[in-house]
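S.K.: Handing you this structure, nothing more for now.
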């Protein structure tokens, strides 16, 4: 008969394995989301499509991902989430295979990669990974989330130069084929074998744990959604446009990719420690550091675009990492403070919806602004304003969340 100590060791081992699996899933996610800037340049050169047109495909991808989040969250609670997420991984892998093998026109790219791929990419989204971890991790959830989320930063650091090399040598179709193999082999296996299926909590919730359901979202949830939208719009606007912005200023592609890779390394390092800092000093203090870094991001970008390459190369990756790299963990941890544990996935889906809308809006705004003005500083100015909106929305959400929690604690249990 197993002792209590042996059971605890098995539980700790299972938690570590799931955190590691989350790290791998976020690594695949980082490659898929972070590589679009590489494909943007390659596709523009091969087909002559404008940046706005290609960015529109990414916007479709992000929008399909965002709009499907609430439905996926509901389905995860009502069906076998393992099978559901494995099917989504097959959908994403199939879209990547068809993109690599068949796409030759803009409409096909929109439909296959943008629409089908966007829905399938829920299988590697931070929303899904965080929801899965929240069902297993009981202590230091923020640290667990940050470790998993760091996978996308490491993938950006190590994977983007590899993808760029493949694009240079074999073409962009070979790079998409590699992403397809990773999805169909690794992601499907992790969802079927490693992660627990999400179950609905049968017990009644005490007053402190009652949170917003899929009915009318509270003010705190709405402000958090505003923060999700602005932060994602600014961050993904930068991710998808940065290589093209550097290229327009005469920075050679190989050097631009290494600036992006350096940013990915900084993001990886920050994501590893941001959750731990949230557990130790509190999410509000970590936000204060991130707010200052948002300003540093756009100062560094402005210096790079102005020819101050050494100073800009030092400031931009560090600012991007600290200002935006840990935003999904920061927002999820703050949301967890005023969302019921049993309903965390549902409330997180609201944030994922807003985040996806931001992912769609930011890249398109950046591409269209450049197409119209031919001005890289104009793009940086708009994305900088969205970055400030991310900080403001977060601040208002946490203040309102504390007020709502105080009111709920005074309500009698149902």
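S.K.: Regarding residue 16, is this residue surrounded by fewer than 24 Cβ atoms within 10 Å (Cβ to Cβ) and either in contact with a strand residue (DSSP E or B) (Cβ under 7 Å, 6 or more places away or on another chain) or more than 22 Å from residue 185 (Cα to Cα) (or both)?
M.R.: Against the criterion (surrounded by fewer than 24 Cβ atoms within 10 Å (Cβ to Cβ) and either in contact with a strand residue (DSSP E or B) (Cβ under 7 Å, 6 or more places away or on another chain) or more than 22 Å from residue 185 (Cα to Cα) (or both)), residue 16 does not qualify.
S.K.: Moving on. Which is out of contact with any helix residue (DSSP H, G or I) (no Cβ under 9 Å at 6 or more places or on another chain) and in a helix (DSSP H, G or I), of 107, 131, 148, 121?
M.R.: Going through 107, 131, 148, 121 in turn, the sole match is 107.
S.K.: A further question on this structure: Taking the criterion of being in contact with a helix residue (DSSP H, G or I) (Cβ under 8 Å, 6 or more places away or on another chain) and not in a helix (DSSP H, G or I), would at least one residue in the stretch 5-18 satisfy it?
M.R.: There is no residue in the stretch 5-18 that is in contact with a helix residue (DSSP H, G or I) (Cβ under 8 Å, 6 or more places away or on another chain) and not in a helix (DSSP H, G or I).
S.K.: Take residue 383 and decide whether it is more than 20 Å from the chain's Cα centre (by Cα) and modelled with pLDDT of 85 or more.
M.R.: In short, no.
S.K.: Residues 336, 343: which one is assigned to a helix (DSSP H, G or I), at pLDDT below 80, out of contact with any strand residue (DSSP E or B) (no Cβ under 8 Å at 6 or more places or on another chain) and more than 18 Å from residue 402 (Cβ to Cβ)?
M.R.: Unique residue meeting the criteria: 343.
S.K.: Could I ask something else about it? Would you be able to say whether some residue in the stretch 161-168 is modelled with pLDDT under 85, in a helix (DSSP H, G or I) and crowded, with 19+ Cβ neighbours inside 10 Å?
M.R.: no
S.K.: Could you say which residue among 351, 319, 326 is within 15 Å of residue 273 (Cβ to Cβ) and modelled with pLDDT of 80 or more?
M.R.: Answer to the check: 326.
S.K.: Criterion first (farther than 17 Å from residue 264 by Cα and either modelled with pLDDT of 75 or more or under 13 Å from the mean Cα position of the chain (by Cα) (or both)) does residue 303 satisfy it?
M.R.: yes
S.K.: Need the failing condition index for residue 95 against (1) surrounded by fewer than 22 Cβ atoms within 10 Å (Cβ to Cβ); (2) touching a helix residue (DSSP H, G or I) at 6+ places or on another chain (Cβ under 6 Å), just the number.
M.R.: All conditions are met except number (1).
S.K.: Okay, moving on. Taking the stated definitions as given, is residue 64 crowded, with 19+ Cβ neighbours inside 10 Å, out of contact with any strand residue (DSSP E or B) (no Cβ under 8 Å at 6 or more places or on another chain) and either assigned to a helix (DSSP H, G or I) or in contact (Cβ under 8 Å) with a residue 60 or more places away in the chain (or both)?
M.R.: yes
S.K.: Could you look through the stretch 346-380, keep only residues that are part of a helix (DSSP H, G or I) and free of Cβ contacts under 8 Å to residues at least 12 places away in the same chain, and pick out the one that is surrounded by the most Cβ atoms within 10 Å (Cβ to Cβ)?
M.R.: Taking the candidates together, the pick is 378.
S.K.: Go over the candidates 273, 251, 221 one by one and state the one that is modelled with pLDDT under 75 and surrounded by 16 or more Cβ atoms within 10 Å (Cβ to Cβ).
M.R.: 251
S.K.: Looking at the stretch 242-301, which of its residues are outside any helix (DSSP H, G or I) and at negative phi?
M.R.: Passing the criteria: 249, 251, 252.
S.K.: Any residue at all in the stretch 131-151 that is surrounded by fewer than 23 Cβ atoms within 10 Å (Cβ to Cβ), modelled with pLDDT of 90 or more and under 22 Å from the mean Cα position of the chain (by Cα)?
M.R.: no
The values are calculated or read from the model by the stated rules, or taken from the named source; none is laboratory data. Computed from a predicted structure; not experimentally measured. Here the Cβ is made from the backbone with ideal geometry for all residues, glycine too, and neighbour counts use every protein chain on show.
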